[in-house]
Amino acid sequence: MSDETRFVYDVAHAVDPLGDLEQEADKATKHNRAKVGSARPSSLLYTYGPGAIMDLPQFTIMPTGLDDWDRIWRRRESAPPQIHAPRLRDVVRMMLRSPDVQLRPYPWQPKKYSRSAEGNDLGVPSRVFPQWLRCTGCDMLGLLAQFDYRNTHPFRTDLAVFEHAKCTGRAGSGTRKAMRRTAIPARYLLACVDGHLDEFPYDLWVHRGQRCSKAELPALKMVDRTAGKGASAVIHCASCDMRRPMNEAQGEAGREKLPQCRGRHPHLDAFEPKGCRNETRLMLVGASNLWFPATQSIIVMPESQEEKASDLADRVRTALGDKLAKYRHNLEMIRDLLDDRVDVTAMPDHDLEQVLQAASAPTDSPEEQEEKLRDWDPVDLLVPEWRYLLRDIVGTRVEDPKSGLTLSTRDRGDALQPEITRVLAVERLRKVNALVGFTRIDDMDRVGDLPRRLAPLTRTSRPNWTVATEDRGEGIFLQLDENAVAAWEKHVLDTDLWELHRKAHERNFRRRFSETADQVHPDTRLKPPRYWLVHTLAHILIRELALTCGYSAASLSERLYAWPATEGRDPAAGLLICTTASDSDGTLGGLVQLSEPTRLQQVVGSALRKAARCSSDPICSKRTPQDPEDFLHGAACHCCVMASETSCERANRFLDRRFLLDLPGSDLGFFQTHE
Ligand SMILES: [Zn+2]
Ligand SMILES: [Zn+2]
Ligand SMILES: [Zn+2]
Ligand SMILES: [Zn+2]
Ligand SMILES: [Zn+2]
């Protein structure tokens, strides 16, 4: 598919906030500022990435696709910075079907002082979305162009606002003197399961699919007596006096009255060339299922010689581009071209030739890419980490200067549960997270399943970068006794409880991915019992650690290594709890201290004791999905083991306290009571 036909897009209307600003300044008319708000890189990645809607104090915006971010990077002379994480980069390339993808940080630079200017040329381009606004003074419902934009205060972006310039208020409200009144977003949208999102067609809605009989540009009002909550809004055409309430569009019955999807991607400012056959659903700005990031992450591990060589070849290939083939045999020229970009000054000619040879190897064909994507298992990303964490440590501490990864051995305390066989303090670690796309309506566990559902971040079909964040932090690693886990798992697989979880998962899978379910057996997507065990353990530890070490539970995250043995892959049953921060070193040492034998056995002991009881018991302890229920947890709720969205890899699915401990009426606990 060529880029010209991939989307319908009008290049004349590119989003270019800084360019627009310069034009405005040139015209020396009113001088609005480009910046409308700010957010931390991690929340940009997980909450407000391209295609998400961000609530500002007075209106809402949508970060655009990455094509428009390129314009920001191009304003600088130097090449955009990269985040070094080859293992992750390669997976991202496969998912985005583009062999050139690099990982770049957010276009942002820290300021020395709060009001200094460095980094003012950077930022995330966004557009106002939705573009229908409603005047708070007179209920006028109109498009952006019908309102005035004001954003003139240098440091108070929260004052940026759209206003109805000559508002005369509601009829019968007494004062009819024209004044400026604030406009707020009209919060209704249409979305489809393939990630399209569109404005709500108020004009067609109020006129029941027809044009207004009285006016070409009818005067619309959104009358909403619940202060913008949207529960009882009525659309009124003041030109022909037709009215229609919005709640008619809600629910199952409302769905039939909504138009078919137009295949719009507002973050790309583009439409699918062939439209979209899906029906649409009514959504409200602020709904939690409007945007789910699809991310991949790794803990950066020391690289093998082989990995280093392949990364060097890759950097040479991407730095030289077309010139590689052209000057392949002119080493002098190659060295000149690589100057400042890839350091090969100290490399003898013979070695450089080898690098060039490796760099010239053909990249995967589209067919090979598809095959790799089909065979890819998310666990592949975790296996090298698991292997490294299990390696024998010579002495008591190992530090890798390049990745920063620093591990220390820890003795097991005598009172530590015998089921826990290995404890490591991870004194320093680096975690890199990359965005590969997003979904709407449903989140997606496995990108390979339905590529169509994953909304793209770019208009181009072969992007050369995606956005990533880099966090530093510390952690505690625990490994469970593999023999005990394997025996326990074998037993659990034969139980009624497991069968009920399995069936609930099957129903859930068929409902959410009805098309995929024909090709993929749902069981292949069900996490094995040991995953539920390790996951539930991770959650109770996060709760306990938050109580004892002063971190908020939301700043702790889990990394789960839990898969049975398969051909060519050793089994895993362990977890890493880490705390990370994007702006500092993130290493407060608090978590590492808790891995000391006495402290750790207290933490684990106390966490398990608390997990035996929940304030919602016995309802919680006996919760089991029965047909037609399709939830993916058992004895787990927000009172006992569920965690915040930021801490949990799996949206609180695959949790059940009965796999951890024996609860009244259940004897499937992995941990035995030793008291
Ligand atoms: Zn008004
Ligand atoms: Zn009308
Ligand atoms: Zn659609
Ligand atoms: Zn509970
Ligand atoms: Zn979790």
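The values are calculated or read from the model by the stated rules, or taken from the named source; none is laboratory data. Note that this is a predicted model, so its numbers are computed, not measured. So basically every Cβ, Gly included, is an ideal-geometry build from the backbone, and we count neighbours across all protein chains shown. For the accessible areas, the whole protein counts, side chains as well, though only heavy atoms, and no ligand, DNA or RNA atoms are used. Shrake-Rupley method; radii C 1.70, N 1.55, O 1.52, S 1.80 Å.
Worth pointing out:
- The charge dipole of the stretch 113-199, taken about its Cα centre with unit charges on the Cβ atoms of Lys, Arg (+1), Asp and Glu (-1) only, comes to about 680 debye.
- Most simply put, the stretch 474-659 has about 95% antiparallel DSSP beta bridges, counting only bridges with both residues inside it.
- Using the Cβ-Cβ distance between residue 180 and residue 78 with R0 = 45 Å, the FRET efficiency computed as 1/(1 + (r/R0)^6) comes to roughly 0.55.
- Where the Cα pairs of the stretch 259-319 fall when distances are cut into 10 Å bins, in %: 15, 25, 19, 17, 22, 2
- Dipole of the chain, positive end: most advanced residue of 668, 334, 618 [Cβ charges, Cα centre]: 618
- Loop-located GluC sites (Glu not before Pro) in the stretch 306-396 whose Cβ has at most 10 other Cβ within 10 Å (DSSP): none
- Bridge type composition, the chain - antiparallel percent by DSSP, nearest 5: 95 percent
- Using the rule -39500 (n - 2.57) for each DSSP H run of four or more residues, divided by the residues of the chain, the 222 nm mean residue ellipticity is -8000 deg cm²/dmol.
- Each label was represented as a point 7 Å from its Cα along the Cα-to-Cβ direction; for residue 499 and residue 374 these points are 3.5 nm apart.
- Sorted largest first, the principal axis extents computed over the alpha-carbon atoms of the stretch 474-659 equal 49, 43, 35 Å.
- Amide H contacts of residue 438 (H built 1.01 Å from N, under 5 Å, at least 5 apart or other chain): 294, 455
- Low-density loop positions, trypsin sites (Lys or Arg not before Pro), the stretch 318-392 - DSSP coil, at most 12 other Cβ in 10 Å: 391
- One chain, two ends: residue 383 and residue 111. Fully extended at 0.36 nm per residue, the span grows by 94.1 nm beyond their Cα-Cα distance.
- Residues whose placed amide H lies under 5 Å from that of residue 60, excluding near-sequence neighbours: 129
- Each Lys and Arg contributes +1 and each Asp and Glu -1, all at the Cβ; summed about the Cα centre of the stretch 474-659, the dipole is approximately 540 debye.
- Note that the stretch 474-659 presents 42 Å² accessible area per residue, ligands and nucleic acids not counted, probe 1.4 Å.
- Between residue 122 and residue 241, the FRET efficiency from the beta-carbon distance, with R0 = 51 Å, is close to 0.55.
- Farthest toward positive dipole pole in the chain [+1 Lys/Arg, -1 Asp/Glu at C-beta], among 160, 533, 82: 160
- Heavy-atom accessible area per residue - the stretch 322-379, 1.4 Å, Å²: 72 Å²
- Paramagnetic reach from residue 252 (point 7 Å along Cα→Cβ, amide N under 18 Å) across the stretch 489-507: none
- Given their separation in residues at 0.36 nm each and the Cα-Cα distance between them, residue 610 and residue 367 gain 82.3 nm when the chain is fully extended.
- Over all projection directions, the Cα-based convex hull of the stretch 450-507 averages an area of 8.6 nm².
- Computed extension length for residue 570-residue 38: 187.0 nm, one decimal, from 0.36 nm per residue of separation with the Cα-Cα distance subtracted.
- Legend: distances between Cα atoms for 35/111; 490/527; 308/402; 323/402; 503/527; 166/221; pairs beyond 18 Å are 323/402.
- Candidate cross-link partners of residue 112 among the aspartates and glutamates, defined by an alpha-carbon separation under 18 Å and a same-chain spacing of 8 or more, comprise 121, 583, 585.
- Rel. contact order, % - alpha carbon contacts under 8 angstrom, at least six apart, the chain: 13 percent
- In sequence order, the stretch 190-202 has phi-based couplings of 10, 9, 10, 5, 8, x, 6, 8, 9, 5, 7, x, 4 Hz under the Karplus curve 6.51 cos²θ - 1.76 cosθ + 1.60, θ = phi - 60°, and Gly or Pro positions carry x.
- Tensor-based shape of the stretch 49-206 (alpha-carbon gyration tensor, a/c under 1.5 rounded, otherwise prolate or oblate): oblate
- 3J(HN,Hα) along the stretch 396-410, derived from phi through the Karplus expression 6.51 cos²θ - 1.76 cosθ + 1.60 where θ = phi - 60°, amounts to 10, 8, 9, 10, 9, x, 6, 7, x, 5, 10, 10, 10, 6, 9 Hz, with x in place of Gly and Pro.
- Mean sequence separation of contacting Cα pairs (under 8 Å, at least six apart), scaled by the length of the stretch 474-659, corresponds to a relative contact order of 30 percent.
- Residues of the stretch 253-319: accessible area per residue with a 1.4 Å probe, Å²: 50 Å²
- Accessible-area composition of the chain, carbon plus sulfur, in percent [1.4 Å probe]: 50 percent
- Cα gyration tensor shape of the chain, rounded if a/c is under 1.5, else prolate or oblate by comparing a/b with b/c: oblate
- Dipole magnitude (debye, nearest 20) for the chain, charges at Cβ of Lys, Arg, Asp, Glu: 3280 debye
- For residue 274 and residue 143, a Förster radius of 30 Å and the Cβ-Cβ distance give a FRET efficiency of 0.65, rounded to the nearest 0.05.
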